[in-house]
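Student: Mind looking over this structure? Questions follow.
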Amino acid sequence: MHEIIVNLHMHTRYSDGTGTHKDIAEAAMKAGLDAVIVTDHNVFVQGPEGYYRSSPSLTVKPRRVLLLVGQEVHDQDRVPQKNHLLVFNTNRDFSHLADDPQDLINGVAEAGGLSFIAHPWDPEAPVVGEDDISWVSWDVQGFTGLELWNGLSELKVVATSLLKGLFYVYFPKFVAHAPIPETVQKWDELMSTGNRVVALGGSDAHALHMVKGPLHRVIFPYEFHFRTINTHVFIPEPLTGDASTDKKMIYEALANGHCFVAYDLPAPTRGFVFRAKGLEHSAIMGDEIPVKGGVTLHTHLPAKADITLLKDGIPLGTWRNQQTLTYNASEPGVYRVEVKRSYLGKKRGWIYSNPIYVR
């Protein structure tokens, strides 16, 4: 399998972002990404999808990035806003189904698309006048997964005063700590009932311009956001440079959970491994493997950190300052890995694997 880095959930001038699709592609190339998925609110933008390439240079190797187009759909008539859904791989607008989340999810599935619950827990932030826009319709079924870690939602959590808000706006490296605990808990709860729920990491990049008196600041420029919360995706062969071929590989991998959520700012996460080996079968993240005869779980990190292995949402143990972990699983369950490392004086989330389903 080949690992690529994808940043998803972002906005352009077609909704509430400040940049163009070209701006996003250029920022993504500077950040070293392989692909981005743009998700403007309630509009599907035809035309900009495809490969973008950097201008030739004598000193810098030419780069390319695949820009894909999806949607973030929600009922605009609902006050306050709730139930935002990320829609991928449909090639048409689904905002007409926004008032009924189950109809929306069903419509996306019938079109062969993928649906992910965006920022499941997104609390209010009175300091900046933002409402709670969490997902509330948890009776829905058939969605592909959820956004485990949303970079912008976390700003609302930590900016508990105007002073703190200004600090994080000017020093954004201090914002990210970990996914919101309620989101992680809900993810484990959903999987405990037999559901396969794929976790993604989204930047929710807007490159918003803040103006307060003499102060002017871009809150999370695109390039900065693209260096933080990413989704690393495993595809069966290297990217070909053909947009339709590579798009198909990426969306198939996301549908199968062949990916992990990464906070790439403290240190690169490329090279992370979480796999399983049984008597006759092997598995990677998102796969299922029979428990008969026992299963060996193996984790490898690109650098030493604290590894926690969980079964059905319950920690089995934490191995501190390690680069590898091997664990023999003799019971069925949903096994996943969380990794933390020190950055800017705190232990912060670094890697969150999708699960291996031992049945």
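The values are calculated or read from the model by the stated rules, or taken from the named source; none is laboratory data. Here the structure is a predicted model, which means the values were calculated and not measured. We place every Cβ from the backbone using ideal geometry, glycine too, and count neighbours over all the protein chains shown. For the accessible areas, the whole protein counts, side chains as well, though only heavy atoms, and no ligand, DNA or RNA atoms are used. Shrake-Rupley method; radii C 1.70, N 1.55, O 1.52, S 1.80 Å.
Student: If I filter segment 344-352 for residues that are assigned to a strand (DSSP E or B), in contact (Cβ under 8 Å) with a residue 24 or more places away in the chain, in contact with an Asp or Glu (Cβ under 8 Å, 6 or more places away or on another chain) and surrounded by fewer than 21 Cβ atoms within 10 Å (Cβ to Cβ), do I get at least one hit?
Tutor: yes
Student: Which residues, taken from segment 51-92, are hydrophobic (A, V, I, L, M, F, W, C), in contact with an Asp or Glu (Cβ under 9 Å, 6 or more places away or on another chain) and at pLDDT 95 or above? Walk me through how you get there before you give the answer.
Tutor: So in segment 51-92, the residues hydrophobic (A, V, I, L, M, F, W, C) come out as 58, 60, 65-69, 73, 79, 85-88.
Still in the list and also in contact with an Asp or Glu (Cβ under 9 Å, 6 or more places away or on another chain): 65-69, 73, 79, 85-87.
Hits for segment 51-92 are Val65, Leu66, Leu67, Leu68, Val69, Val73, Leu85, Leu86, Val87.
Student: Would you point out the residue of segment 70-86, among those that are open to solvent by less than 10 Å² (accessible area, probe 1.4 Å) and among the aliphatic types (A, V, I, L, M), that is farthest from the chain's Cα centre (by Cα)?
Tutor: If we take residues in segment 70-86 being open to solvent by less than 10 Å² (accessible area, probe 1.4 Å) and among the aliphatic types (A, V, I, L, M), then Val73 is farthest from the chain's Cα centre (by Cα).
Student: Within segment 20-71, how many residues turn out to be assigned to a loop (DSSP other than H, G, I, E, B) and within 21 Å of Ala111 (Cβ to Cβ)?
Tutor: Qualifying residue count, segment 20-71: 8.
Student: Going residue by residue through segment 287-295, is there one that turns out to be open to solvent by less than 30 Å² (accessible area, probe 1.4 Å) and under 28 Å from His177 (Cβ atoms)?
Tutor: No, segment 287-295 contains no residue that is open to solvent by less than 30 Å² (accessible area, probe 1.4 Å) and under 28 Å from His177 (Cβ atoms).
Student: Please count how many residues of segment 224-265 are farther than 18 Å from Trp149 by Cα and either open to solvent by less than 30 Å² (accessible area, probe 1.4 Å) or of a type outside the set (S, T, N, Q) (or both).
Tutor: 17
Student: Limited to segment 313-343, what total is found for residues that are assigned to a loop (DSSP other than H, G, I, E, B) and at positive phi?
Tutor: Residues meeting the conditions: 1.
Student: Taking Asp100 and the conditions (1) touching a strand residue (DSSP E or B) at 6+ places or on another chain (Cβ under 9 Å); (2) more than 24 Å from Lys247 (Cβ to Cβ); (3) open to solvent by 50 Å² or more (accessible area, probe 1.4 Å), which numbered condition does it fall short on, given that it satisfies the others?
Tutor: So the condition that Asp100 fails would be (1).
Student: In segment 300-308, is there at least one residue being small (Gly, Ala, Ser) and exposed (fewer than 15 other Cβ atoms within 10 Å of the Cβ)?
Tutor: There is at least one residue in segment 300-308 that is small (Gly, Ala, Ser) and exposed (fewer than 15 other Cβ atoms within 10 Å of the Cβ).
Student: Please pick out the residue among Ser95, Ser55 that is polar (S, T, N, Q) and within 27 Å of Val198 (Cα to Cα). Steps first, answer last, please.
Tutor: Details: Ser55 fails: within 27 Å of Val198 (Cα to Cα).
Answer to the selection: Ser95.
Student: Return the only residue of Val36, Val65, Val79 being in contact (Cβ under 8 Å) with a residue 60 or more places away in the chain and of a type in the set (Val, Ile, Thr).
Tutor: Of the residues listed, the single one that is in contact (Cβ under 8 Å) with a residue 60 or more places away in the chain and of a type in the set (Val, Ile, Thr) is Val36.
Student: Need pairs with beta-carbon distance below 6 Å; first residue within 19 Å of Asp77 (Cα to Cα) and within segment 96-125, second assigned to a loop (DSSP other than H, G, I, E, B) and small (Gly, Ala, Ser); sequence gap 6+ or separate chains.
Tutor: What qualifies is Pro101/Ser137; Ile105/Gly142; Asp122/Ser134.
Student: Before we move on, is Arg270 in a strand (DSSP E or B), basic (Lys, Arg), touching a residue at least 12 places away in the same chain (Cβ under 8 Å) and touching a strand residue (DSSP E or B) at 6+ places or on another chain (Cβ under 8 Å)?
Tutor: Spelling it out, it is not the case that Arg270 is in a strand (DSSP E or B), basic (Lys, Arg), touching a residue at least 12 places away in the same chain (Cβ under 8 Å) and touching a strand residue (DSSP E or B) at 6+ places or on another chain (Cβ under 8 Å).
Student: Among the residues of segment 1-54, which ones are within 16 Å of His84 (Cα to Cα) and over 18 Å from the mean Cα position of the chain (by Cα)?
Tutor: Ser15, Asp16, Asn42, Val43, Phe44 - these are the residues of segment 1-54 that are within 16 Å of His84 (Cα to Cα) and over 18 Å from the mean Cα position of the chain (by Cα).
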